[in-house]
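Just so it is clear, none of the values below were taken in a lab; they were calculated from the coordinates. Everything numeric in this text was worked out from a predicted model, so none of it was measured. Note that we place each Cβ from the backbone using ideal geometry, even for glycine, and neighbour counts take in every protein chain shown.
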Amino acid sequence: MTAVAGSRVDAAVDGQTDRLFNTYIEMLRAQQATLLRNTVRTWVFVQQVDTHYEGMVDARRELFVKHGLEPKTHYIVSTGIEGRTARPESLVMLDAVADIGLAEEEIAYIDRLDHLNRTDEYGVTFERAVRVNYADRGHVYVAGTASIGPDGSVLHVGDITHQVERTVENISALLEASAASMSDVAAMIVYLRDIADADRVRAGLHTLCRDVPYTMIWAPVCRPTWLVEIEAIAIVSHDDSRWPRY
């Protein structure tokens, strides 16, 4: 599912975020689905992310509480990144994946607290990773992940090579906790704050995970000191007749 919003009516990023998610929630409701039970993955693209990201995060947090998404339930795997539409007044855009037929037992939210802390500890509301099981496979969605430590701090500030290494280490840890590995990754998206770092990032990825396909794009990350962010999807074999095939 995809929803796009942002207009002169909602001039501020918080109003656009609220409108955007409510439009998406209505789309889900029309399919007898909900944000809490059926949404697996989101991407939130924020124009001028260094300026507007905090407003989007605050509005999303308030909306999530209204719909039952909080630390004692779960959030949604997400990437929040620089992006824009052809309309300059649109400050926020949302893409999402929902699975209408999911049973609660098919979904497992993944943490690796020895590598990355919970995002709600620093006021952001998304899950690091989720595994969704089907009869014939499991899909592991890894959120936009960066060079972050277990206390939420940015590691290797100003050092793109070591940020790539730590980012891949964090993704590998989340995959391991999902009973998967880098060899199961079907695709990655690599977001760069400065396109001039592309060659060094390619060199690092060639060393760390040379057989994993990826797309690299320019899109600043939500913290200025993060030079690179990577998201991934892995597909693993699974055999469980309780669930439908994918």
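Numbers for the structure displayed
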item: Among the candidates ALA179, ALA234, ALA187, ALA173, residue that is under 30 Å from ALA135 (Cα atoms) and in contact with a His (Cβ under 6 Å, 6 or more places away or on another chain); result: ALA173
item: Which numbered condition ALA59 fails, given (1) closer than 25 Å to ALA219 by Cα; (2) of a type in the set (Gly, Ala, Ser); (3) surrounded by fewer than 21 Cβ atoms within 10 Å (Cβ to Cβ); result: (3)
item: One residue from VAL228, VAL201 being within 25 Å of VAL57 (Cα to Cα), surrounded by 20 or more Cβ atoms within 10 Å (Cβ to Cβ) and of a type outside the set (Asp, Glu); result: VAL228
item: Qualifying strands (runs of 3 or more DSSP E) (wholly inside segment 1-120; at least 2 residues being closer than 29 Å to LEU227 by Cβ and in contact (Cβ under 8 Å) with a residue 60 or more places away in the chain); result: 2-4, 39-46, 77-82, 92-98
item: ILE195 over 26 Å from VAL130 (Cβ atoms) and not basic (Lys, Arg); result: yes
